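Below is one structure, written out as structure tokens; the observations come after it.
The values are calculated or read from the model by the stated rules, or taken from the named source; none is laboratory data. Keep in mind that what you see is a predicted model, and the values were worked out from it rather than measured. Glycine also receives a Cβ, built like all others from the backbone with ideal geometry; neighbour counts cover every protein chain displayed.
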Amino acid sequence: MPGQVRQDVKKDFAIIRRFEAAGLRAWPAETVAYDGTWVLRLTAGHPAKRLNSINPLDPADYRDLEARIERAREQFSAYGRPVTFRLSPLAAPEISSYLDQQGWKTLGHSLVMALDLQDADLSEAMDQIPLKDRRRFVNATLKVHGYEELHRAGLSRVIGAIRPETGLFVLEKGEEPVATAICVHDSDLAGLFEIATRPSWRGKGYGRRVLLSALKWAQSHGAERAWLQVEAENEVALHLYRALGFREIYSYHYRQPGS
């Protein structure tokens, strides 16, 4: 079935917790609140589910679901967002069971993939100096992804709030941006975000080139393992990542109330 997430991935909670924590640091929400071990992330300037979701981080934490979800609903409503769960293997199965009973829909299956940089073939990677100009990178990202202009300020604030060392990569054809990537170097990990190629330039190797440049930069700065998140139905991206050596670590998905 398209988008079906594999169930044979070994759920090593220690590794998953490490990647989840790295993800929270690498792509910071505007507001963060805690309810037990649930992390509530809300961002007024950007609508991405990743930045506006409840992230349970302990399989044993599923007490008082009705009351806690109602409290979360009020917080999300204040931001004009639908209450949304992001459920990784760290979320208690009881949460999914409760949401099923309440008629919540499932959407947005994604995979977390990783690559040991010592095993990566970076022989073709260009030595590319990351951009220091955040405005220029945001301009390029809006064009490459086709984001609406109203997302400009929110995206800029998210990037500006990243605390670990960050590389902003843009490939251009003439003066036009054709591919982008963000690489967040956090200890021995390097997280990759906003990876995209402009639709009219896809299939020409630009996505691969910008990824290789980001990976080479990360390795030169001491990273030992790269990781990224990709929608499970994005076969083109999955083919590229697997060809570069990335392998699935675990999956997650989103839940929202049914209509």
Quiz prompt | Condition check for G108: in a loop (DSSP other than H, G, I, E, B) and not assigned by TED's automatic domain parsing to the domain that holds E235 | solution = no
Quiz prompt | Members of the stretch 160-208 found to be under 21 Å from the mean Cα position of the chain (by Cα) and of a type in the set (G, A, S), listed by number | solution = G160, A161, G167, A179, A181, S187, A190, G191, A196, G207
Quiz item: Applying the selection to the stretch 80-97, what residues are more than 21 Å from the chain's Cα centre (by Cα) and surrounded by fewer than 16 Cβ atoms within 10 Å (Cβ to Cβ)?
Solution: G80, P93, E94, S97
Quiz item: Which of (1) within 27 Å of E233 (Cβ to Cβ); (2) out of contact with any His (no Cβ under 8 Å at 6 or more places or on another chain); (3) surrounded by fewer than 20 Cβ atoms within 10 Å (Cβ to Cβ) is the odd one out, the single condition G108 does not satisfy?
Solution: (2)
Quiz item: Which members of the stretch 23-48 meet the condition of being out of contact with any Gly (no Cβ under 6 Å at 6 or more places or on another chain) and either assigned to a helix (DSSP H, G or I) or of a type in the set (A, V, I, L, M) (or both)?
Solution: G23, L24, R25, A29, V32, A33, V39, L40, L42, A44, A48
Quiz prompt | Flag if T180 is surrounded by fewer than 20 Cβ atoms within 10 Å (Cβ to Cβ) and at pLDDT 95 or above | solution = no
Quiz item: Restricting attention to the stretch 116-154, which residues are of a type in the set (V, I, T) and assigned to a helix (DSSP H, G or I)?
Solution: V138, T141, V144
Quiz item: Within the set of pairs 6+ apart or on separate chains, which have a first residue in the stretch 175-188 that is assigned by TED's automatic domain parsing to the domain that holds V210 and more than 15 Å from G160 (Cα to Cα), a second that is polar (S, T, N, Q) and in a loop (DSSP other than H, G, I, E, B), and C-beta atoms under 7 Å apart?
Solution: none
Practice problem: Out of the residues in the stretch 34-61 that are touching a residue at least 24 places away in the same chain (Cβ under 8 Å) and among the hydrophobic types (A, V, I, L, M, F, W, C), state the one that is surrounded by the most Cβ atoms within 10 Å (Cβ to Cβ). | Solution: I54
Quiz item: Do we have E148 as assigned by TED's automatic domain parsing to the domain that holds R198, surrounded by fewer than 19 Cβ atoms within 10 Å (Cβ to Cβ) and without any contact (Cβ under 8 Å) to a residue 12 or more places away in the chain here?
Solution: yes
Quiz prompt | Top-ranked residue of the stretch 192-211 - restricted to ones that are without any contact (Cβ under 8 Å) to a residue 40 or more places away in the chain and among the hydroxyl-bearing types (S, T, Y), ranked as surrounded by the fewest Cβ atoms within 10 Å (Cβ to Cβ) | solution = S200
Practice problem: Please find, among G80, G154, G45, the residue that is of a type outside the set (F, W, Y) and at positive phi. | Solution: G80
Quiz item: For the stretch 212-241, which residues satisfy the criterion of being without any contact (Cβ under 8 Å) to a residue 12 or more places away in the chain and either within 17 Å of A26 (Cβ to Cβ) or in a helix (DSSP H, G or I) (or both)?
Solution: S220, E235, H239
